Amino acid sequence: QVQLVESGGGLVQPGGSLRLSCAASGVRFRLYTMGWYRQAPGQQRELVATIQAGGNIDYVDSVKGRFTISRDNAKNTVYLQMNSLKPEDTAVYYCSAGLYRLPVAHWGQGTQVTVSS
């Protein structure tokens with residue numbers, strides 16, 4: 001059974017930082033593309049960042065230069081370092097995994113990120 005468990009969300013002021021973690025189990029982690037999506041209230045789910053098994057990384061334009069996705073295959077964990085946070089980043093952030101370029105096969109339950117002064 002595949003499980004993705006996110007952690008690290010919370011309330012932060014604009015300009016602050018958070019690091020999200022996603023621990024994966026039940027998958028051959030090293031072979032998977034991992035990603036982060038987010039969904040704000042009343043909005044569609046948006047792809048934020050992906051990291052493929054070979055290390056290829058992509059970001060949505062709005063987070064380039066501020067967010068960094070990384071993975072630790074020894075720990076079966078993917079991270080999202082979020083710096084210079086803006087109120088527009090407020091959303092539920094979901095970890096995802098898949099065997100193809102878009103990681104949509106498996107999903108975590110999400111972790112709330114709120115950026116507010």
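The values are calculated or read from the model by the stated rules, or taken from the named source; none is laboratory data. Remember, it's a predicted structure, so these values are computed and weren't measured experimentally. Methodologically, a virtual Cβ is constructed for each residue, glycine included, from the backbone with ideal geometry; neighbour enumeration extends over all protein chains shown. These accessible areas exclude ligands, DNA and RNA; they are computed on the full protein's heavy atoms, side chains included. Shrake-Rupley method; radii C 1.70, N 1.55, O 1.52, S 1.80 Å.
A compact table of results
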item	result
Derived scalar couplings ³J(HN,Hα) [the range 78-84; Karplus, 6.51 cos²θ - 1.76 cosθ + 1.60; whole Hz; x for Gly, Pro]	10, 10, 10, 7, 10, 10, 6
Alpha carbon centroid spacing (whole Å) that separates the range 1-37 from the range 84-111	7 Å
Kirkwood Rh (inverse of mean 1/r, distinct Cα pairs), the range 67-117, angstrom	12.5 Å
Alpha-carbon spread of the range 36-103, three principal axes, descending order, Å	34, 23, 20
Value of D in µm² per second that Stokes-Einstein yields for the chain, Kirkwood Rh from Cα pairs, at 4 °C (1.567 mPa s)	93 µm²/s
Residues of the chain: accessible area per residue with a 1.4 Å probe, Å²	54 Å²
Per residue convex hull volume, Cα atoms of the range 1-63, in Å³	121 Å³
Charge dipole magnitude, Cβ of K and R +1, D and E -1 - the chain, Cα centre, debye nearest 20	260 debye
